[in-house]
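Structure first, then comments.
Since every read-out is calculated from the coordinates, none of them should be taken as a lab result. For clarity, every value in this text was computed on a predicted model and none was experimentally measured. Glycine gets a Cβ as well: all are built from the backbone with ideal geometry, and neighbour counts include every protein chain shown.
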Amino acid sequence: MSFDITMQSIFIGGLEIRFYSLMILSGLLVGVVIGQREARRLGEDPEHVVNIAVIGAILALIGARMYHVLDRDQWPYYRDNPGQIVAIWNGGIGIFGAIAGAAVGLLVYVWWVNRSARLNRRPSSRMNVLRWFDIGAPSFLIGQAIGRWGNFFNEELFGPPTDLPWGIPIDVANRPLQYAADTHFHPLFFYESVLSLIGVVVLLYVARRFAQRIVVGDIFFLYFAWYGVERFVLEFLRTDNWKYGAVPMAQIVGVIFVVSAIALIVLRHRMAHDSGDAPGAEDTDGAPSRSTLRRRRRRTESEQDG
């Protein structure tokens, strides 16, 4: 049996294993592990994580590919070569499409579980969709961090030329025409991978350090704020981005992510404060915490005295 390794693939006999696919799969598996740990910490069933990951991964790949295919600059090629639309192993995915697909996958799964719980009259089996988005946020971000290394093996997602020590060589066939004479480029995929890893640490730290102060859903919205800033900054180095007029589409989406996420966090905290239920007012099983019960009791006694 023959065995060979190239920049993009491992060949075992007649079987080709693409490094691009291996990176995406590795990111998915690590994300599942983190998701299960978070689910256990919050008192949720970790088995749900695997089910969500399977559905979410399928829809994320579909969404990511569609985002890339429908890119104004890419669509003419795929329109003339429809058979290449499914060739995802050759690279070409849009992370915003992946986010949308994964979110739809989680929503569909939670809806199905809650529907079954309602029909079978098992309210304890119901899932809180925002809590599961909180569980999924660091899982998805670690998947992005690892999956981005697939771009390295496909020699894509790089920035302008650079003479910095960490510049990466790009084959002339994969360079933009204006950079045909250059050899080393900014490893944009690496920058995003590192920033995403830092983001995972931040999300997990906040989820634990401020567990009694956050509102369910805060980690999910914080993910959007973090990644929105991350992509907005990195788009200044990207040379092949999809633009709306003169502005990269990723920067437009990034700004929407950041503004929406911050607005929702602030609004929901104000609503929790106005209702008298402080952030973190529920235990992991969904029951009010002792501190919340004491506040409610004091409020009730005060109203009776008045």
Residue hits (segment 215-271; over 19 Å from the mean Cα position of the chain (by Cα) and buried (at least 21 other Cβ atoms within 10 Å of the Cβ)) are 215
Pairing a residue in segment 16-45 that is within 21 Å of residue 133 (Cβ to Cβ) with any residue that is of a type in the set (Asp, Glu) and surrounded by 15 or more Cβ atoms within 10 Å (Cβ to Cβ), where Cβ atoms lie under 8 Å and the two sit 6 or more apart in sequence or on different chains, gives 38/134; 42/134
Taking first residues from segment 233-251 that are without any contact (Cβ under 8 Å) to a residue 40 or more places away in the chain and second residues anywhere that are of a type in the set (Gly, Ala, Ser) and surrounded by 12 or more Cβ atoms within 10 Å (Cβ to Cβ), the pairs with Cβ under 8 Å that are 6 or more apart or on different chains are 235/250; 235/254; 241/250
When residue 104 is run through (1) in contact (Cβ under 8 Å) with a residue 24 or more places away in the chain; (2) surrounded by fewer than 17 Cβ atoms within 10 Å (Cβ to Cβ); (3) touching a Ser or Thr at 6+ places or on another chain (Cβ under 9 Å), the failure sits at (3)
